[in-house]
Amino acid sequence: MGRNTFTRQELLDAADGPERFEMAVRFQDVDAAGVIFFARALEYCSDALFELIERAGFPGRRMFVEREFVTPVKHAEAHYVRPLRYGDRVAITIPLARVRESDFTLGYRLTRASDGEPAVVGAIHQVCVDPGTFSRIPIPGEFRTVLDRIAGHVS
């Protein structure tokens, strides 16, 4: 099956992916220490993925309304390199990807707009399944093409 994640260093060293999603850290996204609540980083990655696939021409409704297929998360991880605080502008890219027959892993980098420094890197491994049976199915060709388009270095 192969490795389903990327190292922190691989994610820091990779060139940015061709697409980017930008947002600001919201008040409800920070914890009592004034930095991004740890789980929000993965939420930002998910938000970026769905925005980028929509921009690439793949309607999210095919997964959520028409339910042709779904891609539940099998594994997720994040490395926190620098703090993200309320109001910070964040650029999210997908510099690395592994796309296989029925699963894919996308590597994410969240970069602070103020200084261009990476703040969080992480990876999310998802499996393509039939929503009725929850059995693995091949990633539909059109969705695979979109993954290849929004990701950087695909293996």
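Remarks
- Within the stretch 17-38, one or more residues are out of contact with any Lys or Arg (no Cβ under 8 Å at 6 or more places or on another chain), surrounded by 12 or more Cβ atoms within 10 Å (Cβ to Cβ) and without any contact (Cβ under 8 Å) to a residue 60 or more places away in the chain.
- Residues (more than 15 Å from the chain's Cα centre (by Cα) and free of Cβ contacts under 8 Å to residues at least 60 places away in the same chain) located in the stretch 39-59: Pro59
- Residue pairs meeting the criteria (Cβ under 8 Å; at least 6 apart or on separate chains; first closer than 16 Å to Tyr108 by Cα and in contact (Cβ under 8 Å) with a residue 24 or more places away in the chain, in the stretch 79-92; second assigned to a loop (DSSP other than H, G, I, E, B) and among the charged types (D, E, K, R)): Val81/Glu117; Arg82/Glu117
- Qualifying residue in the stretch 63-84 (condition: within 17 Å of the chain's Cα centre (by Cα), modelled with pLDDT under 95 and charged (D, E, K, R)): no
- Residue count, the stretch 8-53 (criterion: modelled with pLDDT under 95 and not in a helix (DSSP H, G or I)): 8
- Among the residues making up the stretch 98-110, those that are within 17 Å of Ile150 (Cβ to Cβ) and free of Cβ contacts under 8 Å to residues at least 60 places away in the same chain are Val99, Phe104.
The values are calculated or read from the model by the stated rules, or taken from the named source; none is laboratory data. These numbers come from a predicted model, not from an experiment. All Cβ positions, even for glycine, are placed from backbone atoms using ideal geometry, and neighbour counts span all protein chains on display.
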